[in-house]
Amino acid sequence: MQQTVRQKSLPLNNEKWARITETAEAYARQKDAFLVEYGHVKYLHYLGEKRKLRDELVSAGFVSPFGLQARQWKLALEDALYTLERQWEAAIAEVKEYLYRHEGLTDEEKHYAFWLLYRHVKHGRDWKRIRAVFTGEDIVSEEIKLDAGGRARVRKYLKRVFRRVLGRKPRVKKARSFTVDQQMYRVFTSEKRQYIAVATLTPGERVIIPLAGVHAIEGNVRVVLIPEENCVEIHLTREPRTFPPGEGEAGIDLGVTEVFTDDTGKKYRPEYGEALQEMSDHILDKSRKRGKLWALRRKFLEQDPNKVRRILKHNLGLTKQTKRNKKYRTRCENEINRAFNEFYKERRPKIIAYEDLAHLRGKAGSRGLSRKVSGWQRSIIKERLGYKNYIYSVTDPGPVNAAYSSQTCPVCGWVDAKNRHGDVFKCQKCGFTCDADQVSGINLKMRLHDEEITRYMPYKKVKELLLQRYYQKQQAN
């Protein structure tokens, strides 16, 4: 896993900004051309042989039609292939979710499906198997016992699911960044500042960019444009420092009033809930005001076109709104990061039980809560959780089934919606009282070793099993 370090530059003058923008535009158009060209299924095998495709283009005498130097179009090609690979890997992960929940397939059919989607830890993925799903080629090995008809049915099913989850092919819509390798930039320092001289479209000419801080820059770097400030960010990746694994287990319950609560009852970063509430109130207020302005625009659409244009230009723009929303998101991301930092440093767990973030969506009981849930940054939480697990050498068993985790008494096992009243948990049978989020964290931790409650067990079956266990325990007592 790589860590990205960002180093911002000082504002650039118009000449430097124009040359940087020109390079980014050419890089974006070249990358987009590669995405269009090699985004077809017949080129899937190149995702595992990126170097081979580059060598073939060099042998054919490829020249960038957008003016990129040879080193840079090769980087654009690599960038495009990695973009395609990430899209396919995300789609494969989603297809596996469908397979786990599919109850109509036999064990042999599922075994063949997972064999087609298998990725070797050391040798990587065999993309020819994925391509066979779409071409109909009958790829098989000695360990597959399924007949030809069954294999064809599995491939057709996978093809349908892939078409459902893949979506549109990735394209480059805006020139936001470009990549340079070690030979295309030079780093030097003066008494007060660090500089990086980056190659442009003209061979032998480089743009000198003054940096705001000092970092050890080496390897491939990405130059990211920030048009609002006429400056750039230099992104470089490196291996993060890791720590030995800790001891013990922990369960966390994610929330909207805080980032999460652990099984000891500690709530991490209540400031996160305040940020979400402030963002929700702001969205509500602005939406009401903008709604009135849109109604006013419709009213004067035919009577006064000049007034309509003024309303659109001065009152219904998106620039300020986008900037303000970005500020709220950054604030929430900071709180999420601080929460995980505090948790891992204090608890140092070996294993963490957490719920499946993919299901935490949809409408809530009230509009206000729905707005906060919609602003809940699942992707950031998921990314931070995975990154911190890597840093602190935490064993990740994957999400656990969270059905009825906040309604089940951890003492007697009774399951009832009446057990929970807001943030307070009180068992209707044994009287056990606790914080509801803490109870959820305790139950999630207990399910780490529960072989019967699997991740994909339907919630109704989970409740049946929990009640069955409760009655068996009462009979035994």
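In the chain, the DSSP beta bridges split such that about 90 percent are antiparallel, to the nearest 5. Whole-Hz Karplus values for the stretch 282-295 come out as 5, 4, 4, 4, 5, 5, 5, 5, 5, x, 5, 5, 5, 5 Hz, taken residue by residue from phi with 6.51 cos²θ - 1.76 cosθ + 1.60 and θ = phi - 60°; glycine and proline positions read x. Checking the cross-link pairs K156/K382; K388/K418; K326/K382; K345/K463; K388/K460; K31/K110 against a 28 Å limit on the alpha carbon distance flags K156/K382; K388/K418; K345/K463; K388/K460; K31/K110 as lying beyond it.
Applying 0.36 nm per residue to the separation of E15 and L105 and subtracting their alpha-carbon distance, the gain on full extension is 26.2 nm. Rounded to the nearest 20, the size of the Cβ-charge dipole of the chain about its Cα centre is 2120 debye, with Lys and Arg at +1 and Asp and Glu at -1.
Here the calculated FRET efficiency for V214 and K429, from their Cβ-Cβ distance with R0 = 60 Å, stands at 0.45, rounded to the nearest 0.05.
With the Cα gyration tensor of the chain in hand, give its eigenvalues times 5 under a square root as the equivalent ellipsoid semi-axes, listed largest first in whole angstrom.
Square roots of five times the eigenvalues give 44, 34, 25 Å.
Simple point charges give the picture: +1 on the Cβ of Lys and Arg, -1 on the Cβ of Asp and Glu, and for the stretch 81-148 a dipole about the Cα centre of about 400 debye.
Unpaired cysteine residues in the chain (no second Cys Cβ under 4.7 Å): C231, C332, C434. Placing +1 on each Lys and Arg Cβ and -1 on each Asp and Glu Cβ, with no other charges, gives the stretch 417-476 a dipole about its Cα centre of roughly 220 debye.
Could you look at the chain and say what percent of its accessible area is carbon and sulfur, using a 1.4 Å probe and all protein chains? Display every interim value, and only then the final one.
Values: 13310 of 27290 Å².
It is 49 percent, rounded to a whole number.
For K286, the aspartates and glutamates whose Cα falls under 15 Å of its own Cα, not counting residues fewer than eight places away in the same chain, are E278.
Here each label is just a point 7 Å from Cα along the line to Cβ, and for D147 and R288 those points are 6.8 nm apart.
Legend: translational diffusion of the stretch 40-166 by Stokes-Einstein, Rh = Kirkwood radius over C-alpha pairs, 10 °C, 1.306 mPa s; D = 98 µm²/s. Each other residue within a Cβ distance under 12 Å of T408 adds +1 if Lys or Arg and -1 if Asp or Glu, for a net charge of +3. Site pair V165 and I380 shows an inter-label distance of 2.6 nm when each label is modelled 7 Å from Cα along Cα→Cβ.
With a ≥ b ≥ c the root eigenvalues of the C-alpha gyration tensor of the stretch 417-476, is it rounded (a/c under 1.5), prolate (a/b larger than b/c) or oblate? Here the stretch 417-476 falls in the oblate category. Fully extending the segment from E94 to N325 would add 80.3 nm, taking 0.36 nm per residue of separation and subtracting the current Cα-Cα distance.
Would you mind giving the three semi-axes, in whole Å and largest first, of the ellipsoid equivalent to the stretch 108-233 according to its Cα gyration tensor?
Values: eigenvalues 505, 59, 31 Å².
Its equivalent ellipsoid spans semi-axes of 50, 17, 12 Å.
Tell me, what is the per residue accessible area of the stretch 105-214 in Å², probe radius 1.4 Å? Numbers along the way, then the final one.
On the way: 6790 Å² over 110 residues.
Result: 62 Å² per residue.
Share of pairwise Cα-Cα distances greater than 15 Å in the stretch 148-210 is 71 percent (whole percent).
Counting 0.36 nm for each residue step from E346 to R241 and taking away their Cα separation leaves a gain of 36.0 nm.
The values are calculated or read from the model by the stated rules, or taken from the named source; none is laboratory data. Everything numeric in this text was worked out from a predicted model, so none of it was measured. Methodologically, a virtual Cβ is constructed for each residue, glycine included, from the backbone with ideal geometry; neighbour enumeration extends over all protein chains shown. Quick note on the areas: whole protein, heavy atoms, side chains included, nothing else; ligands and nucleic acids left out. Shrake-Rupley method; radii C 1.70, N 1.55, O 1.52, S 1.80 Å.
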